Amino acid sequence: MRAALDTPYLDTRADALSFALGLEPLDALAVLPVERGGIRVELRLLGASHQIFAGPVSETVACLPGDPGPLPGGMRADVAGWGYDFRARVEAHPTDAAFASTVRRLCERLADRDDALTGTFPGSPHAVTALALDGDPDTGSLGWRTWHAYPQTREIVVTRTLLEIA
């Protein structure tokens with residue numbers, strides 16, 4: 001699902017993002033509920049990035065007040081008996097053209113998926129946040145990937161989360 005978001009782009013740069021587990025739902029600009037193997041997943045675009053709910057897990061990657069970031073490169077935790085593994089990296093692009101091409105390809109790749117949510121913020125067609133499910137609960141794992149594109153710095157924050165279902 002693609003959503004044209006009618007709100008100011010709040011994230012200013014990749015290193016301003018922070019990470020939290022267990023937060024309650026924040027105000028969302030777009031929400032995509034998905035059912036996978038009996039597990040309800042909610043992909044949520046925020047004015048300040050994303051929030052995902054899956055089983056007992058609540059993951060938030062956003063510009064959170066009082067928590068200036070940066071994101072951890074990796075983190076493992078036990079959440080209500082589920083194994084949780086989070087990874088994040090920043091991809092820097094040398095030119096505006098390279099950045100735009102990468103964002104365009106990402107949006108095209110996710111466009112027809114019923115388990116992906118892409119939001120475009122006003123001001124730039126490349127100011128994008130995208131979320132997509134990954135993995136198969138029937139194999140005991142479920143995951144997702146996210147992309148947060150920053151045209152002003154030509155950076156894309158890429159995250160990958162994997163849950164081992166109890």
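The values are calculated or read from the model by the stated rules, or taken from the named source; none is laboratory data. Fair warning: this is a prediction, and the values are worked out from it, not measured in the lab. All Cβ positions, even for glycine, are placed from backbone atoms using ideal geometry, and neighbour counts span all protein chains on display.
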*Restricting the search to region 92-107, which residues are β-branched (Val, Ile, Thr) and either surrounded by 11 or more Cβ atoms within 10 Å (Cβ to Cβ) or not in a loop (DSSP other than H, G, I, E, B) (or both)?*
Thr102, Val103
_Set Asp112, Asp134, Asp85: member being more than 17 Å from the chain's Cα centre (by Cα), farther than 16 Å from Ala30 by Cα and not small (Gly, Ala, Ser)_ = Asp112
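Residues to consider are Ala116, Ala111; find the one that is under 19 Å from Ile39 (Cα atoms) and of a type in the set (Gly, Ala, Ser).
Just one listed residue meets the conditions, Ala116.
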_Yes or no: region 75-87 includes at least one residue that is surrounded by 15 or more Cβ atoms within 10 Å (Cβ to Cβ), aliphatic (A, V, I, L, M) and closer than 20 Å to Ile156 by Cβ._
no
*Any residue in region 108-120 that's touching a residue at least 60 places away in the same chain (Cβ under 8 Å) and in a loop (DSSP other than H, G, I, E, B): show its pairings with residues that are β-branched (Val, Ile, Thr) and surrounded by 11 or more Cβ atoms within 10 Å (Cβ to Cβ) at Cβ separation under 7 Å, as long as the two are six or more apart or on different chains.*
Asp115/Val34
_If a residue must be surrounded by fewer than 19 Cβ atoms within 10 Å (Cβ to Cβ), among the aliphatic types (A, V, I, L, M) and within 17 Å of Asp15 (Cα to Cα), how many such residues does region 135-166 contain?_
1
*What pairs come up if the first residue lies in region 62-91 and is farther than 15 Å from Arg145 by Cβ and part of a loop (DSSP other than H, G, I, E, B), the second is at pLDDT below 95 and among the polar types (S, T, N, Q), and their beta carbons are under 6 Å apart, counting only those six or more places apart or on different chains?*
Gly69/Ser18
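Could you tell me how many of the residues in region 121-154 are under 20 Å from Val34 (Cα atoms), in a strand (DSSP E or B) and not β-branched (Val, Ile, Thr)? Even if it seems obvious, please write down each step before you answer.
Keep residues of region 121-154 that are under 20 Å from Val34 (Cα atoms), which gives 129-147.
Remaining after also requiring in a strand (DSSP E or B): 129-134, 141-147.
With not β-branched (Val, Ile, Thr) added as a condition, the list becomes 130-134, 141-145, 147.
Residues in region 121-154 being under 20 Å from Val34 (Cα atoms), in a strand (DSSP E or B) and not β-branched (Val, Ile, Thr): 11 in total.
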*(1) of a type in the set (Lys, Arg); (2) in a strand (DSSP E or B); (3) under 16 Å from the mean Cα position of the chain (by Cα): which one isn't true of Arg40, the others all being true?*
(3)
*Considering only region 67-82, state which residues are hydrophobic (A, V, I, L, M, F, W, C) and within 18 Å of the chain's Cα centre (by Cα).*
Leu71, Met75
*Select from region 114-146 the residues that are modelled with pLDDT of 95 or more and either β-branched (Val, Ile, Thr) or over 18 Å from Phe53 (Cβ atoms) (or both) and list them in ascending order.*
Thr146
*Could you tell me whether region 76-85 includes any residue that is of a type in the set (Ser, Thr, Tyr), out of contact with any helix residue (DSSP H, G or I) (no Cβ under 8 Å at 6 or more places or on another chain) and closer than 25 Å to Leu32 by Cα?*
yes
*Return the residue satisfying two criteria in turn: it lies in region 121-134 and is over 17 Å from Val157 (Cβ atoms) and in contact (Cβ under 8 Å) with a residue 40 or more places away in the chain, and of such residues it is surrounded by the most Cβ atoms within 10 Å (Cβ to Cβ).*
Leu133
